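The values are calculated or read from the model by the stated rules, or taken from the named source; none is laboratory data. What you see is a predicted model; the values in this text were computed from it and never measured. Here the Cβ positions follow ideal geometry from the backbone for every residue, glycine too, while neighbour counts run over all protein chains shown. These accessible areas exclude ligands, DNA and RNA; they are computed on the full protein's heavy atoms, side chains included. Shrake-Rupley method; radii C 1.70, N 1.55, O 1.52, S 1.80 Å.
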Amino acid sequence: MNRLFLHKTKTIALLVYIRSTIEQLFLLIKKKEYASNLLTGKDSQIILDNLTQLLIRLKKSEIMNEKDFRNNIYKSNVFNPYYEELVQYYNSIVLEIENNMQSGDLWIPDQFILSLLSEWVLEEKHTQYFPYLLDINYIELLSKFEKVNLEENKKYREKVSQMYMISTKVIKRLKNKEYQPSVIKSRKKR
């Protein structure tokens with residue numbers, strides 16, 4: 001398979017996850033179930049504004065959220081190898097996160113989203129299909145999570161570090177994931 005297309009498919013899988021996570025984050029904020037309490041109001045707003053713009057661009061580039069993506073797959077009556085490949089990449093992202101996060105752990109979705117994207121952009125440099133990913137100043141935004149006082153908020157700072165480590169593992173797994181055709185596809189070739 002063409003390397004460029006392969007990485008576009010992986011990028012789309014990551015962006016499906018990112019879009020879904022941003023939408024969940026905004027829903028939690030709307031319900032007042034999540035707030036970036038340790039960031040200044042100004043820093044929190046800057047991050048949320050950037051994530052809002054990212055969500056708008058994801059929607060314009062027709063990146064589906066996870067629910068719509070799964071619905072399209074289940075409604076399809078024809079075997080689609082592209083969807084199968086996308087599902088494998090998406091599942092590798094989710095599995096790596098599940099392997100590294102415990103239920104009930106502190107979760108910093110805004111930082112995690114930015115960390116995942118910065119890792120992918122730095123590692124893969126395959127943004128020609130999604131050039132708006134280069135418009136985000138990841139270093140500036142991620143540095144806002146580093147301003148938190150270490151002495152007073154040690155657990156939060158440890159979680160910030162953990163979010164970075166998990167995002168590195170997720171991107172490494174996605175980068176190294178190789179598509180494995182299903183048995184159905186293999187039988188058709190014979």
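Pop out the carbon and sulfur fraction of the accessible area of the range 3-176 as a percent, whole number, probe 1.4 Å. Ligands and nucleic acids excluded, carbon and sulfur give 52 percent. Calculated FRET efficiency, ASN72 to GLN128, Cβ-Cβ distance, R0 = 30 Å: about 0.75 to the nearest 0.05. Given a Förster radius of 25 Å and the C-beta distance between LYS32 and GLN162 as r, what FRET efficiency does 1/(1 + (r/R0)^6) yield to the nearest 0.05? About 0.50, to the nearest 0.05. Per-residue ellipticity at 222 nm computed for the chain from its helices equals -23500 deg cm²/dmol, with DSSP H segments shorter than 4 residues left out and the rest contributing -39,500 (n - 2.57). Seen from ILE56, the other residues with C-beta closer than 13 Å to its C-beta sum to a net charge of 0, counting Lys and Arg as +1 and Asp and Glu as -1.
With the Cα gyration tensor of the chain in hand, convert its eigenvalues to equivalent ellipsoid semi-axes via √(5λ) and list them largest first in whole Å. The partial results should precede the final answer.
Values: eigenvalues 200, 57, 53 Å².
Taking √(5λ) for each eigenvalue gives 32, 17, 16 Å, largest first.
Between GLN102 and ILE46, take the C-beta separation as r, use R0 = 35 Å, and let me know the FRET efficiency to the nearest 0.05. Kindly include the intermediate steps, with their values, before the conclusion.
Working: r = 30 Å, r/R0 = 0.85.
Efficiency computed from Cβ-Cβ geometry: 0.70.
Within the shell of other residues whose beta carbon sits under 11 angstrom from the beta carbon of VAL94, the net charge comes to -2, with Lys and Arg scored +1 and Asp and Glu -1. Accessible surface for ASP49 stands near 80 Å², nearest 10, in the context of the full protein assembly shown (1.4 Å probe). When the alpha-carbon atoms of the range 1-85 are used, the pair Rg, Dmax equals 16.0, 50 angstrom.
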